[in-house]
Amino acid sequence: MAKAVKMADIAKVIGVSTVTVSKALSDQKGVSEELRMKIKKQAQEMGYQTNSARYQERAKAELSYNIGVVISGRFLDQYDSFYWKLYQEVAKAAVQKGCFTLLEVLEPEDEQNCVMPRLLQEKRADGLVLLGILNDDYLERLHRYASIPFLYLDFYDKNGTCDAVVSNSYFGMYKMTNYLFRMGHTKIGFVGNLLYTDSITDRYFGYAKSLLEHGMEVKREWVIDDRDARTGRADGDFEIRLPENLPTAFVCNCDVAAAHLIVKLKEKGYRVPEDISVVGYDNYQPPGLCDVRITSYEVDMHEMAQKTVGNMIRKISGRHYTQGVVVVEGHIEYKDSVAPCE
């Protein structure tokens, strides 16, 4: 690749200072018209480009980048999905960078049989974002099969070998549980299938850390599944099973789980938050599922999308970027699902 021409190179040829070259090229005062034309002609002959021209050239190159986004169909259920919203943020971030996104929803049987995405098979993408965790066998084969850069969004691999962008699940749920303690609750349960996803497991450990720091132990009967362990779906035949003796509050791994829990509690005659307080995670409550505004930890989807697209472009173009797992912070949104424990 040819070395970029600098103002100092032009100045050396003409026999003037770099400041003079800068003034001439930017049409500032202090340079005669004759010298200005001479400098501009020399700059053109040497192939000099302004920062603006270099930026436009780079933008044109990035315009050709197609960023594939692959998500398992089990994450796109009957409700307005958190992952659908996160994909939309990625698509917007890509457009802002002069790129395009191509979405592929992976059918459960294709994931199970390790059928590689069509985006890869047909070579339609320059880079691939995997949105939401896929099973280990699938990811292992993808590592062997893919010849383009890829990146994980909202999960990370167990060996830490792949670049990823995630929300701070551990600290976020730690803060949510601490909030319940501040509200006077000491009997706190957790809703979410452990080990089903990295984010659920990290949120559980944030919950457990808070309990331990407050001198409490995790009660296994208060750790409740929020989805079918095989299909990953929270609708259909799956039903949340409440323990016989209920805590005074629950932290839920996501707002969908919190909404389902509130519906179940109301079926059993409990009021939220008067009898039992409930908090969620994501701050993405599905409309129409429950009529209580859920206090939640808001995930900064915009920032996650920006980090994802920015790093993907750098990976595709070969530019320098910080490798590893990028953790994006969020904040608590206080709403109506928590009451003080008397």
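What follows draws every value from the coordinates through simple rules; no lab data is involved. Since the structure is predicted, the reported quantities are computational estimates derived from the model, not experimental observations. Note that we place each Cβ from the backbone using ideal geometry, even for glycine, and neighbour counts take in every protein chain shown.
Under 13 Å of direct C-alpha separation, and excluding same-chain neighbours fewer than eight residues apart, Lys266 reaches these aspartates and glutamates: Glu274, Asp275, Asp291. Antiparallel beta bridges, as assigned by DSSP with both residues in the chain, represent about 10 percent of the total such bridges.
The charge dipole of the chain, taken about its Cα centre with unit charges on the Cβ of Lys, Arg, Asp and Glu (plus for the first two, minus for the last two), comes to roughly 2040 debye.
Listed options for Rg and Dmax of the Cα atoms in Å are (i) 21.6, 82; (ii) 26.6, 91; (iii) 23.4, 80. The value calculated from this structure is the one marked (ii). Taking a straight line from the alpha carbon of Lys6, these lysines sit under 17 Å away, with near neighbours fewer than eight places off in the same chain left out: Lys23, Lys38, Lys40, Lys41. Helix 169-182 and the longest principal axis of the C-alpha atoms of the chain enclose an angle of approximately 50°.
Please give the helix 51-63 orientation as an angle from the longest Cα principal axis of the chain, in degrees from 0 to 90, rounded to the nearest 10. Rounded to the nearest ten degrees, it is 50.
Sorted ascending by nearby beta carbons within 10 Å, beginning with the fewest, Val21, Val95, Val5 become Val95, Val5, Val21. When the charge dipole of the chain is built from unit charges on Cβ atoms (+1 for Lys and Arg, -1 for Asp and Glu) and taken about the Cα centre, the candidate among Leu242, Ile188, Thr101 whose Cα reaches farthest toward its positive end is Thr101. Can you pick out the pairs among Lys92/Lys307; Lys219/Lys268; Lys175/Lys209 whose Cα atoms lie more than 18 Å from each other? From the list (Lys92/Lys307; Lys219/Lys268; Lys175/Lys209), the Cα-Cα distance tops 18 Å for Lys219/Lys268. Taking the Cα centre of region 77-133 as reference, the dipole from Cβ charges on Lys and Arg (+1) and Asp and Glu (-1) amounts to some 420 debye. Taking other Cβ atoms within 10 Å as a rough exposure proxy, Val327, Val19, Val90 sort from fewest to most as Val19, Val327, Val90. Once you have a ≥ b ≥ c as the square roots of the Cα gyration tensor eigenvalues for region 169-299, tell me rounded if a/c is under 1.5, and otherwise prolate or oblate according to whether a/b is larger than b/c. Rounded. Look at the dipole of region 190-337 built from charges on Cβ: of Val218, Gly330, Gln306, the Cα furthest out on the positive end belongs to Gln306.
About its Cα centre, the dipole of region 7-56 is roughly 60 debye, where the only charges are +1 on Lys and Arg Cβ and -1 on Asp and Glu Cβ.
Round to the nearest 0.05 the FRET efficiency obtained for Glu244 and Leu212 when R0 = 35 Å and r is the Cβ-Cβ distance. Computed FRET efficiency for Glu244 and Leu212: 0.90.
With a simple spin-label model that places each label point 7 Å from the Cα along the Cα-to-Cβ direction, the separation between Lys6 and His331 comes to 4.2 nm.
Taking 0.36 nm per residue of separation and subtracting the Cα-Cα distance, full extension of the segment from Ser32 to Val19 would add 3.3 nm.
The length gained on full extension between Arg124 and Arg293, counted as 0.36 nm times the residue separation minus their Cα-Cα distance, comes to 56.6 nm. Could you state the angle between the C-alpha long axis of helix 82-96 and the longest principal axis of the C-alpha atoms of the chain, as a value from 0 to 90 degrees rounded to the nearest 10? For helix 82-96, the angle is close to 10 degrees.
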